[in-house]
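Note sheet for the following structure.
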Amino acid sequence: MKDNELRERAAKVVPGGMYGHLNAAIFAPGYPQFFESGSGCRQTDANGREYIDFMCSWGPIVLGHRHPKVEEAAQRQLAKGDTLNGPGPIMVELAELLVDTVPSADWAMFSKNGTDATTQALMVARAATGRHKVLMAHGAYHGADPWCTPSMMGVTPNQRADMIEFAYNSLESLEAVAAEHDGEVAAIIVTPFKHDSFEDQELVEPEFARGARALADRIGAALVIDDVRAGFRIDLRGSWEPYGVRPDLTAWSKAMANGYPIAAVTGTDALRSAAQTLYSTGSFWFSAVAMAAAKATIETLRDENGIKQMELAGSRLRDGLARQALAHGFGVNQTGPVAIPWLSFEGDADLSRALYWSDACLRNGVYIHPWHNWFLSAAHTEADVDEALEGTDRAFAETRAHFG
């Protein structure tokens with residue numbers, strides 16, 4: 001099998017053969033490591049097996065793999081140049097589009113990854129306030145730098161010393177840690193909803209969102225929304241806009257350019273002068289092709305009502321899975337927004353059912369994940385979801401037969 005051959009070759013030249021969140025060795029046994037291609041809402045692995053894709057490359061694919069409008073924009077820019085001595089005019093056009101689209105944005109800065117954006121946002125907050133402490137929810141994922149990766153090898157306690165944790169959706173907990181560090185807090189950083197791995201997702205309580213905004217104003221800290229994972233799938237304007245809550249800074253990436261590497265921080269005029277004092281840069285941060293892809297992606301989502309399409313497909317998937325679980329005698333929890341869903345089995349503390357079921361889904365042509373949230377794209381049609389549900393139904397049957 002080609003996948004096995006590639007793993008053996010990789011083990012000789014890559015530490016562990018693979019690393020990070022794409023390491024298939026930490027998933028269920030049947031997960032492929034290498035992929036050959038993607039088209040629409042489907043991916044084909046190195047062994048030639050095709051899957052209906054409900055991970056969307058862990059979030060970046062929001063319109064579908066190789067969307068023609070995005071590819072056309074990227075190729076048009078590539079014909080002119082990509083990484084040049086300075087950014088192309090497309091940087092200004094993309095920044096203008098973000099400012100026009102996001103009500104809390106008066107300016108935008110660009111980078112490459114979600115970690116770049118969250119780190120950059122906290123740098124702006126610290127530059128503006130002259131303070132060091134940052135309040136973040138316990139267990140929240142904000143990237144892969146030392147400040148946001150607790151209990152990881154190679155990370156020292158000092159690199160986490162300024163991060164103060166509170167309980168998500170608990171305004172009482174947030175208020176308590178803010179009071180404990182009175183006069184020291186530069187920022188409160190929050191995800192739009194609680195999407196920690198291995199746990200059921202938890203939508204934000206509007207009172208908590210509004211309370212976090214009020215607290216940040218009261219203590220003179222910046223409210224930072226980490227919209228890296230959820231951005232452009234819940235609301236183009238920002239994930240807390242439906243609650244009437246606007247952040248001072250927002251971190252964006254993943255779905256921003258339909259798979260091209262780019263990230264952004266948007267912010268308010270009050271933080272503009274602090275942002276321009278930063279030395280925050282990278283050799284590829286101003287490359288033009290990804291910016292052209294991002295502009296085309298956001299415009300297409302806007303013009304073709306892509307978020308509504310994801311909501312319809314996600315609701316159809318959720319309803320179908322609920323019926324199947326009930327029919328096969330499983331208690332399940334389906335949590336998170338329908339465009340960023342996750343299914344867990346009741347009483348499955350060791351994830352044995354989730355691991356077996358996800359592996360069975362793979363065998364039946366459906367790519368989901370046992371302990372990380374999934375993603376819908378605007379390319380998922382009713383027919384695609386219905387075909388996927390045929391596979392998940394067979395997977396439930398196999399899981400029932402295995403566990404009795």
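The values are calculated or read from the model by the stated rules, or taken from the named source; none is laboratory data. From a predicted model like this one, the values you see are computed outputs, not experimental measurements. Don't worry about glycine lacking a Cβ; one is built from the backbone with ideal geometry, like all the others, and counts go over all protein chains shown.
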Residues of segment 2-54 classified as within 22 Å of residue 351 (Cα to Cα) and among the charged types (D, E, K, R), total: 1
Verdict on residue 174 being in contact with a Gly (Cβ under 9 Å, 6 or more places away or on another chain) and assigned to a helix (DSSP H, G or I): yes
Matching residues in segment 256-282 - criterion: being part of a loop (DSSP other than H, G, I, E, B) and over 30 Å from residue 72 (Cβ atoms): 268, 276, 277, 278, 279, 280
Residue 165 being closer than 27 Å to residue 354 by Cβ and either surrounded by fewer than 17 Cβ atoms within 10 Å (Cβ to Cβ) or in contact (Cβ under 8 Å) with a residue 24 or more places away in the chain (or both): yes
Count of segment 368-404 residues which are in contact with a Cys (Cβ under 7 Å, 6 or more places away or on another chain), in a helix (DSSP H, G or I) and touching a residue at least 60 places away in the same chain (Cβ under 8 Å): 3
Lone qualifier among 325, 294 - being within 20 Å of residue 61 (Cα to Cα) and part of a helix (DSSP H, G or I): 294
Close pairs (9 angstrom Cβ cut-off, 6 or more residues apart or separate chains): farther than 13 Å from residue 269 by Cβ in segment 94-111, among the hydroxyl-bearing types (Ser, Thr, Tyr) and in a loop (DSSP other than H, G, I, E, B) anywhere: 109/280; 111/253; 111/280; 111/281
Test for residue 18: is it at pLDDT below 95 and not assigned by TED's automatic domain parsing to the domain that holds residue 285: yes
Scan of segment 131-157 for residues that are closer than 22 Å to residue 105 by Cα and either of a type in the set (Lys, Arg) or out of contact with any Asp or Glu (no Cβ under 9 Å at 6 or more places or on another chain) (or both), ordered by number: none
Exclusive hit being surrounded by fewer than 20 Cβ atoms within 10 Å (Cβ to Cβ), of a type outside the set (S, T, N, Q) and farther than 27 Å from residue 94 by Cβ, set 316, 400: 400
